[in-house]
1. Can you flag which of Lys50/Lys409; Lys154/Lys573; Lys152/Lys409; Lys50/Lys152; Lys55/Lys154; Lys19/Lys85 are past 28 Å Cα-Cα?
2. In the range 527-653, if every C-alpha pair distance is counted and binned at 5 Å from zero, what percent goes to each bin?
3. Assign unit charges at the C-beta atoms only (+1 for Lys and Arg, -1 for Asp and Glu), then state the dipole size of the chain relative to its Cα centre in Debye, rounded to the nearest 20.
4. Just want to confirm a number: the relative contact order over the chain, from Cα pairs under 8 angstrom separated by 6+ residues, in percent.
5. Round to a whole angstrom and tell me the spacing of the C-alpha centers of the range 598-623 and the range 449-522.
6. For the range 239-288, max minus min Cα coordinate along each principal axis, in Å, sorted largest first?
7. Taking θ = phi - 60°, what integer Hz values does the Karplus form 6.51 cos²θ - 1.76 cosθ + 1.60 yield along the range 481-494, in sequence order, with x for Gly and Pro?
8. With a 10 Å Cβ neighbour count serving as the proxy for reagent exposure, in which order, fewest first, do Ile188, Ile522 appear?
Amino acid sequence: MEAAALVDAPAIVARGFGKRYRGRSAVSGIDLSVGRGELFGLIGPDGAGKSSLIKAAAGVLSFEEGELSVFGQSLAGDADAERIKDRIGLMPQGLGQNLYAELSIDENIDFFAQLRLVPKAEAERRKAELLAITRLERFRDRAMKHLSGGMKQKLGLVCTLIHEPQLVLLDEPTTGVDPVSRRDFWAILGRLLRERGITALVSTAYMDEASSFHRIGLMFGGQLLAQGTPEDVRDQVGGTMASVQAPDGAALLQALGGRYPQVDRLGAQIRIFIDGTRETARAGLGPLLAAVPGARAEYDAPDLEDSFIALARQRGIATLPPPAVLKPASGESGEPAIVCEALTRDFGAFRAVDAVSFDVHPGEIFGLLGANGAGKSTVIKMLTGILQPSAGRGRVAGADMRSAGFAIKERIGYMSQAFSLYLDLTVEENVRLYGDIYGVDRRRIGARLDWVLDSAELRAWRGERAARLPLGLRQRLALGCALVHEPRVLFLDEPTSGVDPIGRRAFWTTLQQLARNDGVAILLTTHYMLEAERCDRLALMYAGRVVAADSPAGMKAAVERESGVLLALDCAKPEAARALLEQRGYAYCWVYGAQLHVLTPQPERDLAQLPAWLDAAGLGPARAQRRSLSMEDVFVHRVTALEAADRKAAQAA
């Protein structure tokens, strides 16, 4: 190739790429190219084939089908892969998986610089620059094992970039990371790519991260369903989203009569994906809504998650469960199933949980939100009897958590963040084992096994080892095992991390039925803010404390009262736009993908004023529109404000 052609050639080219494990196809028929300087996102759930493609592009995984080249070099064999490894940086999946737990931030970076043969003086220069960009310089002596999830991922990125690769391959770098840290991570990565011209291939299970990429590929079941810019992909799928409010949700579902295959409950809303334009959507849905007293609909373009589900459905490779038919809310409060009173836990001099108080009633889904390290999992471990509190009291299902011992364990179901199943056992063996652990009578276990197989749709997988289940089915099995003894209280610690949108919706249909129809009290933690919308009430934790507690609607209303209405700004350079508006006194603005979100107490004035400012500064063309707050907006606003207050207090001290 001529020099000019080499510069313009794609960084990665795949043609008919496929990978098999023990004869089973994990990914097949992948055709894509990643341009130089491009940020390309592979979006899909665990098991979609993203990691196989990324590892093969890094030269650490062989493949059996098709062709794959990086920088024009075919990766047909190990010797070929060695020729391009010095130009590549790989960050594997999992929090801190490429790091060393006992080493400090400084020591981890130094180790990777030495491993990559970076001259010492150059390594020190690059380290100082990267630590400043990631805001890790104040923590350089802290051991990796004591970092939050977001800090681990930023350190992993620094170690991946220390030798200044031309191509970075990042495998789900933000899975398990809270929304504030995720936005921070994408802002840092985007800045580094712009300044250094690096190419990046990144995988993620978060559909809302699509707007961070130049182009995306949607993957599901080992197939590439669509690729292009996020807007192109949404246009390829088409469709309209109708968000319907109705006083009687059951009457609305009855009126719909199963006419629409993609219907979802989201809090008080019923959301309906309609294959067609807004005009056809209104024409078809309008007469049905007229038969439901008080029903009203808003029509909008679908988000990428809804488009992803629609595409999988249209291709016939996935089906959605029908929305849960729920009993009307009884309105009876009754005795709480979970009570926390000033619950506190210290680890040496470090206070992980600081006087946390809340309660959860039977039939209620209660969500604990917070950044990595906020104390959510520690609260659950105390309530389940795994950890003893340093102070405070708690009752679970009528039992005192300090003295009840095994009595609490008999009355609760617990699905942990890290371990819930024995992967070498079959589906049936896992259920029977958990039945024995929870003391289920052997005469009842057969009936409970049938219930788990039917409710989780696992009968066809009965004899399959848990390790071979798709992640969504594995999580449903874990939930079934946690419910095998029919507990009245259920604890779930990030139960759907990495699960595809279809699997998550099926999982939540089950949770809604358990809560409303069976009266189970559910306490869960999650980093998916769309799941927070599905909870009845929420508590937001920060630095071990509960800093806000209310319903999702109540939390949104509180932010609007305190800080104003949300405006979404479309502009050419959202990061530069944010800096400009902060200089002009707008305290609450943050980048959201390709947009800038701004909270303002004077929305009518700013709808015209803000685009004019950005146009005059050469950051346009800019356009502003009023938007409803999402729970992610609420989370980011609350946590960033608290972080800023902490930084200000530290500087004053």
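Derivation of every value follows stated rules applied to the coordinates shown; laboratory data play no part. This is a predicted model, so every value here is computed, not measured. So basically every Cβ, Gly included, is an ideal-geometry build from the backbone, and we count neighbours across all protein chains shown.
1. Where the Cα-Cα span goes over 28 Å, the pairs concerned are Lys50/Lys409; Lys152/Lys409.
2. Spelled out per bin, shortest first, that is 2, 10, 19, 21, 17, 14, 10, 5, 1.
3. The calculation lands at about 700 debye.
4. 12 percent
5. When both Cα centres are located, 46 Å separates them.
6. 26, 19, 17
7. Rounded to whole hertz, the list is 5, 6, 10, 4, 9, 6, x, 9, 10, 10, 10, 10, 9, 6.
8. Fewest to most other Cβ atoms nearby, the residues stand as Ile188, Ile522.
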